[in-house]
1. Full extension from residue 27 to residue 7: what is 0.36 nm times the residue separation minus their Cα-Cα distance, to one decimal in nm?
2. Fully extended, how many nm does the chain gain between residue 15 and residue 47 (0.36 nm per residue separation, minus their Cα-Cα distance)?
3. Assign one of three labels to region 2-44, namely rounded, prolate or oblate, based on the Cα gyration tensor with a ≥ b ≥ c the square roots of its eigenvalues; rounded applies when a/c is under 1.5, prolate when it is not and a/b is larger than b/c, and oblate otherwise.
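Nothing in this text is a laboratory measurement; each read-out follows from the coordinates by a stated rule. Owing to the predicted nature of the structure, the values given are computational and were not obtained by experimental measurement.
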């Protein structure tokens, strides 16, 4: 994935720094789309932890992460109850 991104940026004569500077401006401006992207990344990270696909030894969980974790657990419980 990293290589694909670098290839796309190279085709447009952009660097990773160019991309992240622009994204940072969008994020700081509280763009709803940027917030959704961050939330999606947090959710993927927590799902990987739950599925045992990510090491938790060096993990520091922030408030957003813990909120997302609780939401995922509640959702999982609701799905299990619906199946019963």
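1. In short, 4.8 nm is gained.
2. 8.5 nm is the gain from fully extending residue 15 to residue 47.
3. Working: a/c = 3.35, a/b = 1.56, b/c = 2.15.
Since a/c reaches 1.5 but b/c is at least a/b, the shape of region 2-44 is classed as oblate.
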